[in-house]
Amino acid sequence: MTRACIGLGSNLQDPAAQLQAAVDALARLPDSTLTAGSALYRSAAVGPGIQPDYLNAVAVLETALTPEALLDALQAIEQARGRRRTLRWGPRTLDLDILLYGDRQIRLPRLQVPHPAMARRHFVLYPLADVCDPRQPLPCGRTLEQLLAECPRQELERSD
Ligand SMILES: CC1(C)Nc2nc(N)[nH]c(=O)c2N=C1O
């Protein structure tokens with residue numbers, strides 16, 4: 001089994017309900033066990049254009065699924081929640097990203113792990129720190145603590 005950290009994000013169609021439904025779907029994935037979930041964090045959309053605030057979280061799975069099979073399963077959950085891949089940086093009902101897959105570094109056309117943008121995304125690092133040991137070295141050789149210290153400060157609030 002491999003410990004995979006999944007980033008969740010939503011800013012359309014009742015984001016809190018979208019994230020809860022996504023966690024419920026992750027808990028039902030085959031050959032996998034949901035072992036932890038972060039708090040929900042609200043933040044302004046990062047990127048071009050004006051769009052609603054996002055809710056973000058991180059979930060941890062112990063899984064026997066291969067990285068590609070896990071990606072397929074996550075994309076099926078996104079589709080089931082009405083994800084339509086239109087604008088690259090546009091609003092979305094649900095975004096599920098594989099942030100970490102054990103200590104593996106994966107470079108495939110459809111999958112890069114660790115997620116290439118996570119080091120500069122406060123909305124990923126903060127929930128990840130809820131479920132990961134911040135002192136544990138990541139595959140990039142840095143610790144979460146170091147990434148958090150260097151990440152640009154942006155407004156982020158727990159949405160309990
Ligand atoms: C459009 C972009 C980059 N901005 C985001 N901004 C925030 N705050 N949270 C996200 O999950 C998020 N996802 C994205 O894909």
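Using just its DSSP H runs of length 4 or more, each adding -39500 (n - 2.57), the chain gives a mean residue ellipticity at 222 nm of -8500 deg cm²/dmol after division by all residues. Less than 5 angstrom separates the built amide H of Ile106 from those of Val113, all sequence-distant by 5 or more or on a different chain. For region 146-160, the Karplus equation 6.51 cos²θ - 1.76 cosθ + 1.60, evaluated at θ = phi - 60°, returns couplings of 5, 5, 4, 5, 9, 6, x, 5, 9, 4, 8, 10, 5, 10, 7 Hz by residue, with Gly and Pro reported as x. In the neighborhood of Leu111, defined by Cβ-to-Cβ distances under 14 Å, what is the net charge if each Lys or Arg adds +1 and each Asp or Glu adds -1? Around Leu111, the surrounding residues sum to 0. With θ taken as phi - 60° and the Karplus curve 6.51 cos²θ - 1.76 cosθ + 1.60 applied, the whole-hertz 3J(HN,Hα) list for region 2-10 is 10, 8, 10, 9, 10, x, 10, x, 7 Hz, x standing for glycine and proline. Whole-percent P(r), the chain, all Cα pairs, 5 Å bins from 0: 2, 9, 19, 24, 22, 16, 7, 1, 0. A simple rule links phi to the HN-Hα coupling: the Karplus curve 6.51 cos²θ - 1.76 cosθ + 1.60 with θ = phi - 60°, which for region 67-84 gives x, 5, 5, 5, 4, 4, 5, 5, 5, 5, 5, 4, 4, 5, 8, x, 5, 10 Hz, with x for Gly and Pro.
Coordinate-derived values only; no laboratory data. As the structure is a computational prediction, the values presented were derived from the model and not from experiment. Neighbour counts run over all protein chains shown; Cβ positions are idealised from the backbone, glycine included.
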